[in-house]
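No value in this document is a laboratory result; all are computed from the given coordinates. Every value quoted in this text rests on a predicted model; they were computed, and no experiment measured them. No Cβ is skipped: glycine too gets one built from the backbone with ideal geometry, and neighbour counts run over all protein chains shown.
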Number of protein chains: 2
Amino acid sequence: MGSVQARMEAALQRFLPAPDIAPERLHLAMRYSVLGGGKRVRPLLAFAAGELSGADPARVEIVAAAVEMIHAYSLVHDDMPCMDNDVLRRGKPTCHVEFDEATALLVGDALQPLAFQLMAEHVIADSSVEHIEMLKILACASGSRGMAGGQALDLAGVGKSLSLAELEHMHIHKTGALIRAAVMLGARCGHGLDAEQHGRLERYAETIGLAFQVVDDVLDCDASTATLGKTAGKDAAQDKPTYVSILGLARARELAEELRTEAHAALASFGPAAARLRELADFIVLRKF
Amino acid sequence: MGSVQARMEAALQRFLPAPDIAPERLHLAMRYSVLGGGKRVRPLLAFAAGELSGADPARVEIVAAAVEMIHAYSLVHDDMPCMDNDVLRRGKPTCHVEFDEATALLVGDALQPLAFQLMAEHVIADSSVEHIEMLKILACASGSRGMAGGQALDLAGVGKSLSLAELEHMHIHKTGALIRAAVMLGARCGHGLDAEQHGRLERYAETIGLAFQVVDDVLDCDASTATLGKTAGKDAAQDKPTYVSILGLARARELAEELRTEAHAALASFGPAAARLRELADFIVLRKF
């Protein structure tokens, strides 16, 4: 995993505009928000899915960077005062604290098209038709019926009592959509997966997307701010429903374990080519940060 | 012009998610921010450029809607308290006033990928390679070296005394980049323009982009809030440099007229196919709102 993370950091360094290109302060803030932190879960998933389909890592690097830019922009906007009003992210002051609110707004606004630009200006698929389909996948995952819609559902849930199904519906959009895009785009950089295999990979992606969130809620409940690198216990403090608040800590831990088993089951017929995807399912559920 | 505007309104109605699709409030706010207002200058330019290149209007409708969604998102974010903090837009309360700040943030965040999704899921070019190039043009125009970068330059200029060249540099990005994209994407929906013709069309687009801003500054200086449908005199009140503050009102009016002449000159060799583009250059400079 470390080698993918190092490769990703170098790629993001390269793809982000240099801090001496105008507008300098915006580019500095974009780099501040994307570089030097994060578990890079989505890039790890994209590379693992690319291994499954025999993809050229140079292609996967592009889609992984694009997905990570969308993810980074969503964190910057999510941390702003009108959203979660958070001051700490990845162990550093959040973008609007380090710079200012207007700059944080523009950082997100500019990272989003940079993701699409990256994917449009590099060869990432065997055919141009497939290439356009991949751009569409990223757009759908990011929009009002994907991640941005999940944020809206999250906002609407504050102070309300959600059912487990409603909570799941929110997370399938808020974090699940982009995790799914990372897996499917990584796989599509390669070749040879048929529709049935795509279906199983989607099932894997949806399952670990949920597992990721369940584990996040468990960690948010019992870890310290120092370990997380972001403010711990903030969901409870903001009266946001979580898997822990609905299911209790013990049942939430069980659910994460069940989802890990399901993720492995979805990969069963892939054989050794899916080894990395299996590792990541384990990592996502067993991580301590 | 009215027929393009009506066609555009119907197209945007259709392309925006219905207000009864979840998340309902977000979709309602997206529709509030895009529909029922605006001069639709960018769509008008896209259709006029499409006429020049013999483009199928069904294709132009897609790129025009995509550009207009990017434009609409930029207005929503620009009006937010951390940016211009404006309460009136197109004669209605701004999005964050009518809804709330978090929703306004998400409206912009969701309109942006919807623009890319639209362009990715419809046939808009003769070849897939050209199609991908068009997606790249929209991404570049929207990003940190296009519109979002122009916003950052605008922010950095508040309270400063800018030279005419610095003001022009800012506007080439803030409004010029997307106007240029509207013209070039409209033209690329068709066929038969060579590189030299593309160059002349770019010159036209850059010239009317600047003229648009000069006229905006003139109108902002001497029109009333009721006529503009947005708060008049706000640039002066916010101590923002404008063409009027740098050149004076009379010279700014002259400059707009000179740019109109230049725009016509760039179109000279196109003959009657450029009639609409000529009309729009006149409209942009001679408009009273």
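Observations, loosely collected:
- The order of B:Ile284, B:Ile246, going from fewest to most other C-beta atoms within 10 Å of their C-beta, is B:Ile246, B:Ile284.
- Computed lengthening from B:Glu133 to B:Gln5, 0.36 nm per intervening residue step minus Cα-Cα distance: 43.4 nm
- Here the protein assembly as shown is treated with +1 on each Lys and Arg Cβ and -1 on each Asp and Glu Cβ, and its dipole about the Cα centre works out to around 40 debye.
- Shortest-first distances to equivalent copies, position B:Gly54, nm, label 7 Å out along Cβ: 4.3
- Per-peptide packing, taken as the mean over residues of other Cβ atoms within 10 Å, places A:247-254, B:106-113 in the sequence B:106-113, A:247-254 from highest down.
- Between copies, the label points of A:Gly91, set 7 Å from Cα on the Cα→Cβ line, lie 5.6 nm apart, reported in increasing order to one decimal in nanometres.
- Exposure proxy ranking, count of Cβ atoms within 10 Å, fewest first, for B:Phe116, A:Phe283: A:Phe283, B:Phe116
- Mean sequence separation of contacting Cα pairs (under 8 Å, at least six apart), scaled by the length of chain A, corresponds to a relative contact order of 21 percent.
- The rotation axis taking chain A to chain B passes closest to this chain A residue's Cβ, listed with the gap in Å: A:Ser128, 2.
- Nonlocal amide H pairs with B:Leu88, under 5 Å, H built at 1.01 Å: B:Thr94, B:Thr231
- Computed label-point distance, nm, for sites B:Glu254 and B:Gln13 using a 7 Å Cα→Cβ extension: 4.8 nm
- Prolate/oblate/rounded label for region A:2-286 (Cα gyration tensor, a/c 1.5): oblate
- Listed values for region B:21-37 are Karplus-derived 3J(HN,Hα) couplings in whole Hz (6.51 cos²θ - 1.76 cosθ + 1.60, θ = phi - 60°), namely 8, 6, x, 4, 5, 4, 5, 4, 5, 5, 5, 4, 7, 9, 8, x, x, and x replaces Gly and Pro.
- Overall form of region A:244-289 per C-alpha gyration tensor (a/c, 1.5; a/b vs b/c): oblate
- From its DSSP helices (H runs of at least four residues, each -39,500 (n - 2.57)), chain A gives a residue-normalised ellipticity at 222 nm of -22000 deg cm²/dmol.
- Rounded, prolate or oblate (a/c below 1.5 giving rounded, otherwise prolate when a/b exceeds b/c) for the protein assembly as shown by Cα gyration tensor: prolate
- Here r is the Cβ-Cβ distance between B:His198 and A:Val123 and R0 is 30 Å; the resulting FRET efficiency, rounded to 0.05, is 0.80.
- Placed amide H near B:Gly38: partners under 5 Å, 5+ positions off or other chain: none
- Note that region B:124-135 has calculated 3J(HN,Hα) couplings of 10, 8, 5, 10, 5, 5, 5, 4, 5, 4, 5, 4 Hz, one per residue in order, obtained from phi through the Karplus relation 6.51 cos²θ - 1.76 cosθ + 1.60 (θ = phi - 60°); glycine and proline are x.
- Here the Karplus relation 6.51 cos²θ - 1.76 cosθ + 1.60, evaluated at θ = phi - 60°, turns the backbone of region B:89-106 into coupling constants of 8, 6, x, 10, x, 5, 4, 6, 7, 5, 10, 7, 4, 4, 5, 4, 4, 6 Hz, with x for every Gly and Pro.
- Per residue, the average separation of C-alpha pairs within less than 8 Å and at least 6 apart gives region B:1-154 a relative contact order of 22 percent.
- Total lysine pairs under 19 Å (Cα atoms) in region B:2-286, excluding pairs fewer than 8 apart on one chain: 13
- Label 7 Å beyond Cα on the Cβ vector: A:Ser3 copy-to-copy distances, nm: 6.3
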